[in-house]
Each structure stands twice: as structure tokens, then as C-alpha cells.
Amino acid sequence: SLNIAHGRKDSVNQLLVNADRFIENLDDVARVLDEYRPHVVALQEADAESRWSGSFDHVAYLASRAGYPWRVHEASAQSWLFSFGTALLSVLPLTETIKHTFDASPPTLDKGFVLAQVDWTSNDGTSTRKVDILSVHLDFSRKSVRQQQIAEMVDILSSRNNPTIIMGDFNSEWLAEETVIRNLAKTSHFVTYMPESDNYNTYKNKRLDWILVSNDMEFVSYRVLPDNLSDHAMILADIRYRN
């Protein structure tokens, strides 16, 4: 999972980035994906064709460049200047997708999530199960808005019975007073990896980006990658079914 920051990498603002640099920055992301080859990649702040970020579809480019034949992208925030949101890239066929933009929360821009269903082979390779995978981005400014956005997401998930993996930028820390990530995990039976550890920061000295799994799954490994791809770090996890 990676908040890709509109392809600007570590620049202050995408409006200050040369058009050719966006290609170079996305190529850097593709090289990291080539190295680790995750089956599914969650992106946030992922641009469709936008004037402020080179006027090309970043998700389509990255999917082609990194060799991901399946993708889903929801541009929740749109104007004459930009079109961006959340996305999933996958080497596994996406058999069902849901795109959801949260209720508007002015003055901040709209956020949302994409959900895709995949057929996941069991640990022993003898069967497959339907798994829901989400890429989500929550509001950065207000806990009350994040709470409402999580409520919308949980309401949609409540009608589904699949094992679930949620990845994304929650703009929330586990131990913060105004946490929503901990409340989601505890009230909806999701687990994450070593949530109280301070070794997995993804944005400066904060852990804002998370991978959560429903309690019928577990983590084999979990890493924050050192590569300079964005103002956020990429997180990478190996996940399996519980025996």
C-alpha cells in the first residue's frame, strides 16, 4: 500500500513538478513493485488525467509499466484541475468491484475507497476462497469526519461475508487520543501488525498508513520499505489464512 502523493515524490506540491518528472517518479514506483512483486497493490492520492500532475492517467501508466493486468480506480475528488482517489492494481482477476465516495466533508476534498473481490488460493493450494480487498483514504483534518467515513465503509462491508484486507492511508495513529484506526480494529474484528510499535512509521514520525485483515487471516511478515517514492512510505505484508 502506498499514498502515491499524485506522483510528486518528495516535492512540496505537484504543481511545481515538471511534466516529465511524473513519469520518472512513477517509474521508480514500478521498479519497487518489480522487485517485490506483490499480488495486489493499494494506492491513494492516485491521479486520473489531471492538469496538475502531467495530464495523464497515473494508475493506468503504473499498471502497464509494472505489469498488473487488473486495476480499479475511483476518482473521488474532481475539478478542472485534478481527478484523483484510490486504486487497486492486481495480478489476480478482479471478479467484483465496488467504488465508493464518502459523503462530502467541506472544506476538505472528497475521499473514498475501492473494493475488489479476488479468488485467493488456500495455503495448501487445494481450494480457493473469495477475498475482499480495499484501498481507502480517510480525511486528514477531523476525527468526526474519519469516524463517519469508517461507518460508511463498515456498513458496506457488513453485507458481505468474505475474508477482508483493508489497506490505505487512515490519517490516524494507534495510540493517538483521536484514533479511529484502533476503534475500527476493535469494534469490527480486524487485526493489524504490532500496532503499538514505533518501528513502522510511514509519514515522518507517524504511522498513518495501515494494513488490516479480518481475524480469519494473519500476517506472515510486515515491512515499511525504505524507498523514496512519496512523502509516505510503502508498506508491504505477506498474509495467509489462519490454520
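Yes/no matrix, rows are residues, columns are (1) at pLDDT 95 or above; (2) farther than 19 Å from L89 by Cα; (3) among the polar types (S, T, N, Q); (4) surrounded by 16 or more Cβ atoms within 10 Å (Cβ to Cβ):
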| residue | (1), (2), (3), (4) |
| --- | --- |
| N13 | no, yes, yes, no |
| V17 | no, yes, no, yes |
| L33 | yes, no, no, yes |
| H39 | yes, no, no, no |
| A42 | yes, no, no, yes |
| D47 | yes, no, no, yes |
| S50 | yes, yes, yes, yes |
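Of the residues T108, T101, T121, T97, which is in contact with a Ser or Thr (Cβ under 8 Å, 6 or more places away or on another chain) and open to solvent by 50 Å² or more (accessible area, probe 1.4 Å)?
Values: T108 fails: open to solvent by 50 Å² or more (accessible area, probe 1.4 Å); T101 fails: open to solvent by 50 Å² or more (accessible area, probe 1.4 Å); T97 fails: in contact with a Ser or Thr (Cβ under 8 Å, 6 or more places away or on another chain).
T121 is the lone residue from the list that is in contact with a Ser or Thr (Cβ under 8 Å, 6 or more places away or on another chain) and open to solvent by 50 Å² or more (accessible area, probe 1.4 Å).
Taking (1) modelled with pLDDT of 90 or more; (2) assigned to a loop (DSSP other than H, G, I, E, B); (3) out of contact with any Asp or Glu (no Cβ under 9 Å at 6 or more places or on another chain); (4) hydrophobic (A, V, I, L, M, F, W, C) in turn, F140 satisfies each apart from (3). Every test in (1) within 19 Å of D155 (Cα to Cα); (2) touching a residue at least 24 places away in the same chain (Cβ under 8 Å) is passed by W210 save one, and that test is (1). Among the residues of the stretch 149-201, those identified as open to solvent by 50 Å² or more (accessible area, probe 1.4 Å), more than 25 Å from V118 (Cβ to Cβ) and part of a loop (DSSP other than H, G, I, E, B) are E173, L175, E177, E178, M194, E196, D198, N199, N201.
Give the residue that is farthest from the chain's Cα centre (by Cα), with candidates limited to residues of the stretch 212-232 that are among the aliphatic types (A, V, I, L, M) and modelled with pLDDT of 95 or more. Step through it out loud before you land on a result.
Restricting attention to the stretch 212-232, the residues satisfying the condition of being among the aliphatic types (A, V, I, L, M) are 212-213, 217, 220, 224-225, 229.
Right, trim to modelled with pLDDT of 95 or more and you get 212-213, 220, 224-225, 229.
Details: L212: 11, V213: 13, V220: 19, V224: 14, L225: 15, L229: 14 Å.
Selected residue: V220.
Filtered by the rule that a residue be among the hydroxyl-bearing types (S, T, Y) and under 20 Å from M167 (Cβ atoms), the stretch 49-100 gives Y68, S76, T86, S90, T95, T97.
Can you say whether L62 is assigned to a helix (DSSP H, G or I) and modelled with pLDDT under 95, as far as the supplied structure shows? No; evaluated as a whole, the condition is false for this residue. Screening L89, L115 for residues that are surrounded by 18 or more Cβ atoms within 10 Å (Cβ to Cβ), in contact with a helix residue (DSSP H, G or I) (Cβ under 6 Å, 6 or more places away or on another chain), modelled with pLDDT of 95 or more and within 23 Å of V29 (Cα to Cα) leaves exactly one candidate, L89. Listed by first and then second residue, the pairs linking a residue in the stretch 50-72 that is basic (K, R) to a residue that is in a helix (DSSP H, G or I), with Cβ atoms under 7 Å apart and 6 or more places separating them unless they lie on different chains, are R65/L26; R65/D27; R65/A30; R71/V59; R71/A63. Within the stretch 50-78, the set of residues being farther than 15 Å from I4 by Cβ and out of contact with any Leu (no Cβ under 6 Å at 6 or more places or on another chain) comprises S55, S64, G67, P69, Q78.
The values are calculated or read from the model by the stated rules, or taken from the named source; none is laboratory data. Given the structure is predicted, the values throughout are model-derived calculations rather than measurements. Every residue, glycine as well, gets a Cβ built from its backbone with ideal geometry; the counts of neighbours run over all protein chains shown. Just so you know, the surface numbers come from the protein's heavy atoms only, side chains and all, with ligands and any DNA or RNA stripped out. Shrake-Rupley method; radii C 1.70, N 1.55, O 1.52, S 1.80 Å.
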